[in-house]
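> Pasting in a structure now, in structure tokens, and then I'll have a few things to ask.
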Amino acid sequence: MGPFMSPFNNLLCMLLGISFTVWFTLLLVFIIVPAIFGLSFGIRSLYMKMLLKVFKWATVRMERGAKEKNHLLYKPYSLNGIIAKEPTSLEEELKEIRRNGSSQDLDEFEMSDTFYFCRRGIESIVDDEVTKRFTAEELDSWNLLTRSNYNFNHISTRLTVLWGLGVVIRYGFLLPLRLTLAITGVSLLVVFTTMIGFLPNGRVKNFLSEKVHLMCYRICVRALTAIITYHHSENKPKNGGICVANHTSPIDIIILASDGCYAMVGQIHGGLMGLIQKSMVKACPHIWFERSEVKDRHLVAKRLSDHVKDKSKLPILIFPEGTCINNTSVMMFKKGSFEIGSTVYPVAIKYDPRFGDAFWNSSKFGMVNYLLRMMSSWAIVCSVWYLPPMSRQEGEDAVQFANRVKAAIARQGGLVDLLWDGGLKRGKVKDTFKEEQQKLYSKILVGTQEDRSRS
Amino acid sequence: KKLNISHSQITRLYSRFHSLDKGENGALSREDFQRIPELAINPLGDRIINAFFPEGEDQVNFRGFMRTLAHFRPVEDNEKNKDLTSGEPLNSRTNKLHFAFQLYDLDRDDKISRDELLQVLRMMVGVNISDEQLGSIADRTIQEADTNGDMCISFSEFTKVLEKVDVEQKMSIRFLH
């Protein structure tokens, strides 16, 4: 048995060796080298166009299948929601309810006043603006991923075959490729930044640090097959400024940092993340906080403003929402970063959900699970808009400034501008909002009486 | 069938039910409703949530969920399906008024007492109106509505007071598609 097996063993080893070499050469030539120089062969855009054609074909098949069975194809919530909501105020509504009733004046209680609150309550049970922002956006048509199949029932044999083929390609070819790239990118980042850390502070160090960061982030971008379109690059953030963007996932950082250099802000984690953070800060100053320091708002503000005053340091990257939102809306911006008083460079990031949903639902998936899902989607396609810089105006307080910036980002990205706090993902809403409603109603009941007695 | 809701509306409502059901046990509890911020800040939020739960129960299944929501279907839809044998639909004017009546009638004894009225008023105005003022508002309301002198408002007295109000429109929500 022994001598009989060995020629085959040798052959097998040789074949394996050759295929690995070929694999790595292709990887190097087509992906890593362009990443270093920031060039592109255009392979990813071609891939994207092909995928779109396939999705369109799949939708047509499904619609045909649905028509044969005489059903309407499931269409999720459109931008208008599933019910018609009249944006009338409390006063208008109460006046209308009483239009035909006994008392036209609003200063007396009518039993029909409850109708307004009742209807509003039921409307919010059927469809509310907030809870749907914390789960993945539903698609209009199926993109051949099981995870985004919400009730698309009319799947013919041909579609199933296509789906099966998709699974093989994504898990058998794309996922290993992307994992290899990701590991390469991260290890190069750690190794090179540690090496640069040994250089003395100066122009050479900054230059090299910039190049290394850009190169590694570009490799990571290719590890996710991220196809990014940058708009208005003339507005890119400059030193001494703060860059704010809407937050959808940790990938936002990779997307922004592969086009420019930023100082990151965040809490120091343990494990692999901690290792990456510690080595990054050796090459250029990032702002990392210990867990205990995060609660101290004054300390945080001081460190941020110190960094910003030093014009030689890179612009800070902050996500004022404080948590990941599903990229259909922008939620309340925390005012901390807007109190510092430097120029704010707003950036809007909008993902195209057809190729893969980038939202990180942290209550459903851990980080590793999330990254694996990212790497087994078709691609991550997004657009980044650099908006013109904004500063706080005379007589504007931090909250108003934050809302102004938020409105600009929402407008550019085509997102819904909400006043609700992203913290509602986990926490309860504050009682003060209910008290505001109660005050409003009380004023209507009692307020007009006071006006009458005065005149 | 009595609900007269279309297939696509049912699908959508089921999807919504499922997304509210965080425990994934096929039923909603009061906490599941309170997780909706817009409902939590509604002054009558708790009373509305209560309307979904039958006497003594703390779980509502999808059928119960739809049944309660069916009260709010617009009345025009009935014109299309005039089914004489199916009895009074859930979204008739009377049933809508009954839903509103039950918001006041906490102990479900078919009468709104002065206390029950005061409680609902207190929920709507919060701390902004004094007890005396609220008391006089309640007294005036009962005086105007009470016809049989029992110092309570029965369902028929309630209906009479609201006979000129466009209940059909104000207690309806319109589905798009």
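The values are calculated or read from the model by the stated rules, or taken from the named source; none is laboratory data. Source: prediction; values computed, not measured. Cβ placement follows ideal geometry from the backbone for every residue including glycine, while neighbour counts extend to all protein chains displayed. These area figures cover heavy atoms from the full protein model, side chains too; ligands, DNA and RNA do not enter into them. Shrake-Rupley method; radii C 1.70, N 1.55, O 1.52, S 1.80 Å.
> Pop the C-beta distance of residue A:369 and residue A:272 into the FRET formula with R0 = 22 Å and round what comes out to the nearest 0.05.
Rounded to the nearest 0.05, the efficiency is 0.90.
> What do you reckon, how do A:404, A:178, B:114 stack up by accessible area (1.4 Å probe), largest on top? The partial results should precede the final answer.
Values: A:404 70, A:178 0, B:114 95 Å².
Order by accessible area, largest first: B:114, A:404, A:178.
> Related question: At a probe radius of 1.4 Å, what is the per-residue accessible area of residue A:238, in Å² to the nearest 10?
About 110 Å², rounded to the nearest 10.
> Once you average over the residues of B:31-39, how many Cβ atoms of partner chains fall within 10 Å of each Cβ? Don't jump to the answer; show the numbers that get you there.
Numbers: counts 0, 0, 3, 2, 6, 10, 12, 13, 9.
Rounded to a whole number, the mean comes out at 6.
> Dimensions of region B:107-174 along principal axes (Cα, Å, largest first)?
36, 32, 23
> Compute the FRET efficiency between residue A:293 and residue A:30 as 1/(1 + (r/R0)^6), taking r as their Cβ-Cβ distance and R0 = 56 Å, and round to the nearest 0.05.
Numbers: r = 44 Å, r/R0 = 0.78.
Once the sixth-power term is evaluated, E becomes 0.80.
> Leaving ligands, DNA and RNA out of it, report the carbon-plus-sulfur percent of the accessible area of the protein assembly as shown at a 1.4 Å probe. Don't skip to the answer; put the middle values down first.
Details: 19100 of 32610 Å².
The C+S portion of the solvent-accessible surface of the protein assembly as shown is 59 percent.
> Follow-up question, since we're still on this one. Give me the one-decimal nm value for the distance between modelled label points at residue A:446 and residue A:10, 7 Å along each residue's Cα-to-Cβ direction.
9.9 nm
> Here's something else I'd like to know. Please compute the Cα-Cα pair-distance distribution of region A:156-202 with 5 Å bins starting at 0, giving whole percents from short to long.
Cα pair-distance distribution for region A:156-202, in percent: 5, 18, 13, 12, 11, 9, 8, 7, 6, 5, 3, 2, 1.
> Moving on to the next point. Give me the Kirkwood hydrodynamic radius of region A:335-455, using the inverse of the mean 1/r over all pairs of distinct Cα atoms, in Å to one decimal.
On the way: mean 1/r = 0.0536 Å⁻¹.
With all distinct Cα pairs of region A:335-455 included, I get 18.6 Å.
> Using square roots of five times the C-alpha gyration tensor eigenvalues, list the equivalent-ellipsoid semi-axes of the protein assembly as shown in whole Å, biggest first. Let's see the in-between values first.
Numbers: eigenvalues 627, 227, 74 Å².
Value: 56, 34, 19 Å, ordered largest first.
> Percent antiparallel among DSSP beta bridges with both residues in the protein assembly as shown, to the nearest 5? Could you put the intermediate results ahead of the total?
Values: 12 of 32 bridges.
Percentage antiparallel, nearest 5: 40.
> Separate question: If you rank B:163, B:38, A:394 by how much accessible surface each has, with a 1.4 Å probe, what is the order from largest down? Mind showing how you got there, number by number?
On the way: B:163 105, B:38 45, A:394 185 Å².
Final ranking, largest accessible area leading: A:394, B:163, B:38.
> Another question about this same structure. Give the accessible area for residue A:216 in Å² (nearest 10); use a 1.4 Å probe, count only protein heavy atoms, and leave out ligands, DNA and RNA.
0 Å²
> On to the next question. Quick one, can you get me the convex hull of the C-alpha atoms of region A:384-432 expressed as volume per residue in Å³?
Details: hull volume 5.1 nm³, N = 49.
Output value, Cα hull per residue: 104 Å³.
> While we're looking at this one, here's another question. Could you check the spin-label model distance between residue B:150 and residue A:199? Points 7 Å from the Cα along Cα→Cβ, value in nm.
9.1 nm
> Moving on to the next point. Taking every alpha carbon pair in region A:149-263, what does the distance histogram look like in 5 angstrom bins from 0, in percent?
Taking all Cα pairs of region A:149-263, the binned fractions are 2, 9, 14, 16, 15, 13, 10, 7, 5, 4, 2, 1, 0 percent.
> Also: Might you work out the accessible area of residue A:360 for me, using a 1.4 Å probe with all protein chains in place, and round it to the nearest 10 Å²?
In the full protein context, residue A:360 sits at about 50 Å².
> How big is the convex hull of the Cα atoms of chain B, per residue, in Å³? Please list the in-between numbers first.
Values: hull volume 26.1 nm³, N = 177.
Spread over its residues, the Cα hull of chain B gives 147 Å³ apiece.
> About its Cα centre, how strong a charge dipole does chain A have in debye, to the nearest 20, once Lys and Arg get +1 and Asp and Glu get -1 at the Cβ?
Numbers: 57 positive and 42 negative charges, 404 e Å.
The calculation lands at about 1940 debye.
> In whole Å, what is the distance between the alpha-carbon centres of region A:279-314 and region A:250-272?
Centre-to-centre (Cα) distance: 13 Å.
> Work the Kirkwood hydrodynamic radius out for region A:180-229: mean of 1/r over every pair of different alpha-carbon atoms, inverted, in Å. Let's see the in-between values first.
Details: mean 1/r = 0.0873 Å⁻¹.
11.5 Å is the Kirkwood radius here.
> Shifting gears a bit: When ranked by the protection proxy of mean other Cβ atoms within 10 Å per residue, highest first, what sequence do the peptides A:430-437, A:411-418 form? Could the numbers behind the result be given before it?
Details: A:430-437: 14.0, A:411-418: 16.9.
Ranking the peptides A:430-437, A:411-418 by packing returns A:411-418, A:430-437.
> Can you give the average number of partner chain beta-carbon atoms within 10 Å of each beta-carbon in peptide A:125-136, as a whole number?
Working: counts 18, 8, 8, 7, 3, 5, 8, 2, 0, 1, 1, 0.
Other-chain Cβ atoms within 10 Å of each residue's Cβ, averaged: 5.
> Give me the lysines in straight-line cross-link reach of residue A:95: C-alpha distance below 22 Å, same-chain residues under 8 apart excluded.
Excluding near neighbours in sequence, the set is A:85, A:434, A:439, A:443, B:96, B:160, B:164, B:170.
> So what's region A:223-321 giving for Rg/Rh, alpha carbon basis, Kirkwood Rh from the mean inverse pair distance? Intermediate results must be reported in sequence, preceding the final value.
On the way: Rg = 14.0 Å, Rh = 14.7 Å.
Rg/Rh: 0.96.
> Still on this structure: Which whole number gives the average, over all residues in B:124-131, of C-beta atoms from other chains lying within 10 Å of the residue C-beta?
Working: counts 10, 10, 10, 4, 9, 5, 1, 0.
That works out to 6 on average.
> For residue A:226, which sequence-distant residues (separation of 5 or more, or a different chain) have an amide H within less than 5 Å of its own amide H, given hydrogens modelled in the peptide plane?
A:380
> Follow-up. Based on the Cα coordinates of region A:263-374, what is the per residue volume of their convex hull in Å³? Please list the in-between numbers first.
Numbers: hull volume 15.8 nm³, N = 112.
Normalising the Cα hull of region A:263-374 by residue number yields 141 Å³.
> Summed for both chains, how many Å² of accessible area, to the nearest 100, are buried between A and B with a 1.4 Å probe?
Working: alone 26200 and 11500 Å², together 32610 Å².
Buried surface at the A/B interface: approximately 5100 Å².
> Excluding ligands, DNA and RNA, what is the solvent-accessible area per residue of chain A at a probe of 1.4 Å, expressed in Å²?
Values: 23640 Å² over 455 residues.
Solvent-accessible surface per residue comes out at 52 Å².
> Further question on the same structure: Could you rank A:367, A:390, B:66, A:14 by how accessible they are, 1.4 Å probe, largest area first? Mind dumping the intermediate values first?
Numbers: A:367 75, A:390 40, B:66 20, A:14 120 Å².
From most exposed to least exposed: A:14, A:367, A:390, B:66.
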